[in-house]
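The values are calculated or read from the model by the stated rules, or taken from the named source; none is laboratory data. Please read all numbers here as calculations on a predicted model, not as lab measurements. Don't worry about glycine lacking a Cβ; one is built from the backbone with ideal geometry, like all the others, and counts go over all protein chains shown. With ligands, DNA and RNA removed, areas are computed over all heavy atoms of the protein, side chains included. Shrake-Rupley method; radii C 1.70, N 1.55, O 1.52, S 1.80 Å.
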Amino acid sequence: MANYRFPDGFKWGSATSAHQVEGGNHNDWTEWEKSPARIAQLKKEGKDPSGFISGKACDSYNRYEEDFDIAKKLNQNIHRFSIEWSRIEPEEGRFDFEAIKHYQCLVKALRDRGIEPMVTLWHFTNPVWFADKGGWLNSKAPGYFTRYAKYVVDNLKSEVGLWITFNEAFTVYAGHTKLNATWPSRGKGIFNFLKMRKNIAKAHILAYQSIKDSYKNVPSGQALHNGMSHNVMIGITENNVYVPDTKVFWTTWARRKYKNFRNFYFFKDNAPYYDFIGLNYYHMSRKPAFSKKNEIVSKQEFMKEVNWEIYPEGMYHVLKDLSKFKKPIYITENGIADESDQLREKFIKDHLYWVWRAIQDGVDVRGYLYWSLLDNFEWAEGFRPRFGLVEVDYATLERKIRPSAYEYGKICLTNQL
Ligand code: NOJ
């Protein structure tokens, strides 16, 4: 490959989320995964339920220093992780200082290694008390979330400059809980889907305003740790798919409608309330599905462990689409489930090439975070899909760096492809 240089200061790293790596959580997901209905469903599908219980996951709650040593060794300078709300506020209104102290240590561990923390406040899991009150359908949900967000930010603000309120809430989460109900779901249906999206958008806006207020109390001049990023930015992460046009006018029209409804729901109406866009891009989606002979893009290779159609050029198109919102973009996730590690290096490089192209064409992309640093608990798919740069042996919890991780590490070091 020729040399494709990224802008100075471009951030390179990887991402995880609390419930997928920490282990030992108690939240609405851990309640649901043990429920008789869920176990019966898995058995019906011929699956062993034990592979779908999150349990100790990667035990990163205890092993985060080891994990961050690996990230540093791989030349990463940003790391995205999430805070587990159910640890911080295990009962309504009771905030656990020990839990926040843990995350303070985690942030310090990153800073000590020269890695900038990017912190997600909500990544799919909820405290049990919150779910029992109706979760995101409760009109008080935005208030509950904001109170939690304020507590976290007030305790971490001098060390953290990059915040993400919600991860894939409007697309993946709302869809899986309220449309197809393949995730913990109380009250399936399109009206609940729409109501949930509205409430989460409200929660984001309230939290955004409250976080901004919290930073007003930080004396100007009080530098964030080690003089690293001082610009506090609060963003929101969404999953965007590439939706190809077809050869036919009407089906192209339908696909563009679907794309707008799916990809831009939050961004288009809330410009004052986010400082950056977090983009998770993985695959192409031929929805609505039409006759194959009308497809413009030929059939591509599939990510077999999760059955997604891989299309690196789609990265360029989703970035170009998002650039119309005129906010900086971080690629907060992009990755491949590939236990063999035969496809990962090429997957990363192909996608990065299209990121580079988008930057050449004026898109303001600030960083790329591979999903994921470690193999982890892949929600309803259990432990089988292996997205990690690092392989985790779930029996011994031993970490083994995959060859592709070193290749990605070279890109992180040299800031070029
Ligand atoms: C997006 C989600 O944020 C993350 O939790 C998940 O593991 C990856 N995509 C892969 O599906």
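Which whole-number percent gives the relative contact order of the stretch 87-242, counting Cα pairs below 8 Å spaced six or more residues apart? RCO, the stretch 87-242: 29 percent.
Applying 1/(1 + (r/R0)^6) with r as the Cβ-Cβ distance of Glu91 and Lys287 and R0 = 41 angstrom yields a FRET efficiency of 0.50.
Take Val128: with every protein chain present and a 1.4 Å probe, its accessible area is about 30 Å². For the chain, the square roots a ≥ b ≥ c of the C-alpha gyration tensor eigenvalues yield an a/c under 1.5, which makes the shape rounded.
Given axes a ≥ b ≥ c from the Cα gyration tensor, I'd like to know whether the stretch 82-230 is rounded (a/c under 1.5), prolate (a/b larger than b/c) or oblate. Here the stretch 82-230 falls in the prolate category. Length gained on full extension, Glu381 to Lys198, computed as 0.36 nm times the residue gap minus the Cα-Cα distance: 63.1 nm. Calculated [222 nm] ellipticity per residue, helices only, for the chain: -11500 deg cm²/dmol; basis is -39500 (n - 2.57) per DSSP H run with n ≥ 4, divided by all residues, nearest 500.
The mean sequence distance of close C-alpha pairs (under 8 Å, at least 6 residues apart), as a share of the length of the chain, puts its relative contact order at 20 percent. When each of the peptides 14-26, 190-202 is scored by how many other beta carbons lie within 10 Å of its residues on average, the order from highest to lowest is 14-26, 190-202. Assuming R0 = 22 Å, can you tell me the calculated FRET efficiency for the pair Lys327 and Asp154, based on Cβ-Cβ distance, to the nearest 0.05? With R0 = 22 Å, the Cβ-Cβ based efficiency is 0.30.
If the segment from Leu413 to Lys216 were pulled out straight at 0.36 nm per residue, it would be longer than the present Cα-Cα gap by 67.4 nm. Scattering from the stretch 308-417 was approximated by placing one identical point on each alpha carbon and applying the Debye formula without solvent; log10 I(q)/I(0) at 0.15, 0.16 1/Å stands at -0.68, -0.76.
Determine which residues of the stretch 329-350 fall in the zone a paramagnetic label at Ile401 would reach in this model, i.e. backbone nitrogen under 12 Å from the point 7 Å along Cα→Cβ. Hits in the stretch 329-350 for Ile401 at 12 Å: none. With the crude spin-label approximation of a point 7 Å out along Cα→Cβ, what separation in nm comes out for Asn62 versus Ser139? It is 4.6 nm. Ordering 180-188, 161-169, 39-47 by mean Cβ neighbour count within 10 Å, with the highest value first, yields 161-169, 180-188, 39-47.
With both labels modelled 7 Å from their Cα along Cα-to-Cβ, the Glu313 to Lys188 distance reads 3.7 nm.
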